[in-house]
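Everything on this sheet refers to the single structure shown next.
The values are calculated or read from the model by the stated rules, or taken from the named source; none is laboratory data. Model, not experiment: these values are computed from the prediction. Cβ placement follows ideal geometry from the backbone for every residue including glycine, while neighbour counts extend to all protein chains displayed. SASA here: full protein model, heavy atoms, side chains in, ligands and nucleic acids out. Shrake-Rupley method; radii C 1.70, N 1.55, O 1.52, S 1.80 Å.
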Amino acid sequence: MRWSAAWWVVLAGCPGGGEGATDATTEVASTMPGSTTAMTEGTSEGTSEGTSEAPTTGAEFFGVRLATLGTYLPRGAESVEASVDPLATGVTMSIEVDGQSFPGVYDGTQWVEFADVPEVTYLMKRVNVPNPDLPRTAGVVSYTETAARIRSAGLVFSGRPDVALAESESTALALAVDGMSALVAGDEFEVYTYDADALVRASPSLVMDDGTNSPLPGDTALAGWQVSWRPQTSRPGRPLVDPDLGDQLWLTHLVRAPLIENPTMEDLQEAWGYASVVTAVEAAELTLPVMVDGELTTASGSFAVVAGASAAFGLPLSQYAAELAEGFGPTSALNCTATVFIEPGVELPVYGMTPTLARVEVGSLLLPVDPQCPPDACDPVLCIDGCEEMLVVPGDREVEVAYGDPYQLGTEVLAVYCYDVIGALHPTAMTSEAMFADLTASRPLAEIAGESATPNLGLVRAIQVGDAPLPVTEVATGVGTTPTISFSPPTFGSPDYYVVQVRTLEDVVDEQDNILSGRRLIASIATTNTSVTVPAGILEAGSYYHVMVSAQFGQALDAGRPHSHTSGSSRTPSGMFTP
């Protein structure tokens, strides 16, 4: 799922600032039906009907408006307009201009309004609700630097708007599904509903008596496997599935296998000889009652083999590796995935979850220079030249994957994601901090049609904190609590905007000093400029931080909808610094 900078500040509880992929992993639409219709009864609290046009009666409004009214696209039905109050969950919003603060107020129909904001560039600020799992920490603060008077207009979402939301952590599904292919270690499952827009990715523990009824290798059924209901979603919470309102719920079994079924000795001297592929081979449409907050709901069904499809494409990973090496540092742990997924919408994307159809995984690894002389079993008699290792990096390759698509909606998209990692020494904790940079390039699968999935957006360059460059392995002190972060644009690609993410390197611990969180996001600033100033109140003296600078392509900063299924992103870290 992709997020615009405009929509990041609207949704409560969604990934702030477009984290996009989690650290070192990947994460990502239909011609709108004709006329809109009124919402059905049963609308959830915080949601209201509305009109997409500005009011034409009463006094003229002077200030900034953030759109909250979106068009929802229920499956097999006419579109619906509805508005979500982004302040209902305790989020606060304001606009900051030269020391003045203009609070945001939801008008009850379609806007968060910031009255009397002068016509200048401003910072739109959103303070999120603190994470209850991280005691004594503040909520993430998101800023957008812009001069737009209307932001985020034209929001379009998959599914229906009138979803009930779960609040209890004990809400869960018990999956009772037969007809399954024998489970193999590494297999994955996805639970997906387009209608309520929720996606849960689950991997069994493969441990007997783990308290969840986890399936074990060789099992051909799920016998009440309990999966916590903590879905990814575009909704401001965790949607509950309601079959009475027409919701469909699917369970897909993604089977893992070697990419090369019978690798030769030559294959095993290359990274691709160890690559794997995960494919959707069977799916079950689940039967269940209406989900209830805080309860365990049984969802049952039978797996059926999904009608086969295949895709062939080139993976020019040397181009991704070269950009990461030039803009980040020497290759040390390059890892890449190529994922085929469904993005809701046809001509243009709409906000919604992206279920997986297939994924290829390959990464760097250390291999013996001489296969007969591995370092962990070195025979000094046979290995007179020693037992050395070499770093083997995945190169370019043409691949073909077979998969099934049970959903038959949206657009099939291929996303290639590569990252690399460099260790940097924390100056006081004396720990090695894993700093990463990454690239993502997405295109509709039909447009690739056997071509190579090349990168379309590079890394930013020359990150400075204050007045001095700060490469990833260096440390700066005395930068102040409001330093300027500047950088140069990528050497290729055309970013729509940038996001500067401020991350703390201070651990969050519980009362027993168990680490609950290490490095974590505390603030983000979205902008079209290549220089921003960290607002006051973010950095604290004595703490260490670093920034991740993300370049984004595929949606304008203030738009409510992506302008293409083709998108790209990159993230580059600075070194560590302290005020």
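Here are some notes:
- Averaged over its residues, the range 210-279 has an accessible area of 44 Å² per residue, based on protein heavy atoms and a 1.4 Å probe.
- Per-pair calculated FRET efficiency, R0 = 35 Å: E60 and S203 via Cβ, rounded to 0.05: 0.05
- In this rough spin-label picture, where each label sits 7 Å from Cα along the Cβ direction, the D219-S170 distance is 2.3 nm.
- Inter-centroid distance (Cα atoms) of the range 274-336 relative to the range 111-187, Å: 22
- Since only P344, C378, L366 are under comparison, the one whose Cα sits farthest along the positive direction of the charge dipole of the range 342-392, derived from C-beta charges on Lys, Arg, Asp and Glu, is P344.
- Cα lying deepest toward the dipole's positive end in the range 76-161, options S142, F157, P132, charges on Cβ: P132
- Extending 7 Å from the Cα toward the beta-carbon at both I515 and E78 defines two label points whose distance is 5.6 nm.
- Solvent-accessible area, 1.4 Å probe, carbon plus sulfur percent, for the chain: 52
- Surface per residue (accessible, 1.4 Å probe) for the range 307-397, Å²: 43
- Computed from point charges on the beta carbon alone (+1 for Lys and Arg, -1 for Asp and Glu), the dipole magnitude for the chain about its Cα centre is near 1260 Debye.
- One chain, two ends: R149 and S318. Fully extended at 0.36 nm per residue, the span grows by 56.5 nm beyond their Cα-Cα distance.
- Using just its DSSP H runs of length 4 or more, each adding -39500 (n - 2.57), the chain gives a mean residue ellipticity at 222 nm of -1000 deg cm²/dmol after division by all residues.
- Normalised by residue number, the volume inside the convex hull of the Cα atoms of the chain is 172 Å³ per residue.
- In order along the range 71-78, phi translates into HN-Hα couplings of 9, 10, 10, x, 5, x, 9, 5 Hz, rounded to whole numbers, per the Karplus curve 6.51 cos²θ - 1.76 cosθ + 1.60 with θ = phi - 60° and x for Gly and Pro.
- Annotation: per residue accessible area for the range 445-579 equals 37 Å², rounded to a whole number [probe 1.4 Å, protein chains only].
- Net length available on complete extension from S494 to V475 is 3.8 nm, with 0.36 nm assigned per residue and the Cα-Cα distance removed.
- Per the Debye calculation on the range 290-435 with a single equal scatterer at every Cα and no solvent contribution, log₁₀ I(q)/I(0) for q = 0.10, 0.11 Å⁻¹ amounts to -0.64, -0.73.
- In the range 417-518, Cα pairs under 8 Å separated by at least six residues give a relative contact order of 19 percent.
- Distance between modelled label sites at V129 and L391, nm, 7 Å Cα→Cβ extension: 4.4
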